[in-house]
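The structure appears below as structure tokens.
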Amino acid sequence: MKLFIYEHCPFCVKARMIFGLKNLPVELVVMLNDDEETPKKLIGQKMAPILMKEDGSCMPESLDIVAFVDKSDGEPLLTGRPNPAISDWLRHVNSYLNKLLLPRIATASFAEFATPEARRYFTEKKEASVGSFDELRQHSAGFIKNINDDLRKLDKLIVKPNAVNGELSLDDIHLFPVLRSLTLVAGVDYPSRVADYRDNMAKQTQINLLSSVAA
Ligand SMILES: N[C@@H](CCC(=O)N[C@@H](CS)C(=O)NCC(=O)O)C(=O)O
């Protein structure tokens with residue numbers, strides 16, 4: 001199977017996670033960010049991730065892909081019960097996280113930005129929705145303080161390094177992509193359980209963290 005992605009995209013990370021967790025092979029295809037034609041041809045809109053199955057048919061929506069792949073071998077892995085405190089934490093953090101992430105994503109060396117046009121496409125589209133990246137960067141210190149406070153709260157919710165609630169569940173599929181994106185931000189303090197969980201999940205899912213390109 002082929003998975004069409006952007007490297008920075010947290011929804012694409014969700015879809016990639018299930019392949020890594022189940023140790024199933026998948027060919028990753030990174031689309032240029034300004035390539036509207038490929039996704040529109042495959043699913044009728046410009047959106048990633050897209051799963052192309054062996055028969056050539058295509059499936060959009062990260063959580064549909066996760067469910068499809070998880071059930072594909074008759075041995076689902078995501079059997080744990082979600083903890084509402086994790087979704088509350090994610091809802092709160094997601095309300096400001098993009099303001100910290102988007103300016104950094106826009107300058108990082110992701111394959112979807114292999115051409116200047118692709119990078120410009122992303123920057124213009126996102127600045128139109130969240131405002132000037134230069135201005136957001138000036139507020140970094142405040143957002144970093146918020147995330148450091150919130151990570152201390154998350155630390156108390158982590159039950160095991162290999163599954164946030166002790167048994168793999170959709171909470172892991174939602175939480176790890178946020179922690180992976182955060183590794184793009186320099187100056188974040190990770191409490192020990194959060195760091196252990198993030199590193200363990202990166203190994204289990206076979207997905208790279210972004211610390212080497214943090215800014
Ligand atoms: N509900 C979708 C959301 C996917 C999504 O928003 N993907 C973003 C990338 S992070 C996207 O493709 N946006 C259109 C664009 O980048 O032009 C899912 O879970 O798969």
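The values are calculated or read from the model by the stated rules, or taken from the named source; none is laboratory data. Model, not experiment: these values are computed from the prediction. As a convention, Cβ positions derive from the backbone with ideal geometry for all residues, glycine included, and neighbour counts pool all protein chains shown. Side chains are part of the model used for accessible areas, which takes the heavy atoms of the whole protein and leaves out ligands, DNA and RNA. Shrake-Rupley method; radii C 1.70, N 1.55, O 1.52, S 1.80 Å.
Observations
- Residue in the stretch 6-27 that is among the β-branched types (V, I, T), open to solvent by 40 Å² or more (accessible area, probe 1.4 Å) and not assigned by TED's automatic domain parsing to the domain that holds L157 present: yes
- Taking the stretch 102-215 as the region of interest, the helices (runs of 4 or more DSSP H) fully inside it that hold 3 or more residues being under 24 Å from L78 (Cα atoms) and within 18 Å of the chain's Cα centre (by Cα) are 170-182, 192-205.
- Within the stretch 150-183, the set of residues being acidic (D, E) and over 15 Å from R91 (Cα atoms) comprises D155, E167.
- Count of residues meeting criterion [open to solvent by 30 Å² or more (accessible area, probe 1.4 Å) and either of a type in the set (D, E) or within 13 Å of the ligand (Cβ to nearest atom) (or both)] in the stretch 105-119: 2
- Among the residues making up the stretch 26-38, a single one is away from the ligand (no atom under 12 Å from the Cβ) and free of Cβ contacts under 8 Å to residues at least 12 places away in the same chain: E37.
- Residue count for the stretch 31-45, restricted to those that are of a type in the set (V, I, T) and crowded, with 18+ Cβ neighbours inside 10 Å: 1
- Meets criteria (outside any helix (DSSP H, G or I), in contact (Cβ under 8 Å) with a residue 24 or more places away in the chain and outside the structural domain of L175 (by TED's automatic domain parsing)) for L42: no
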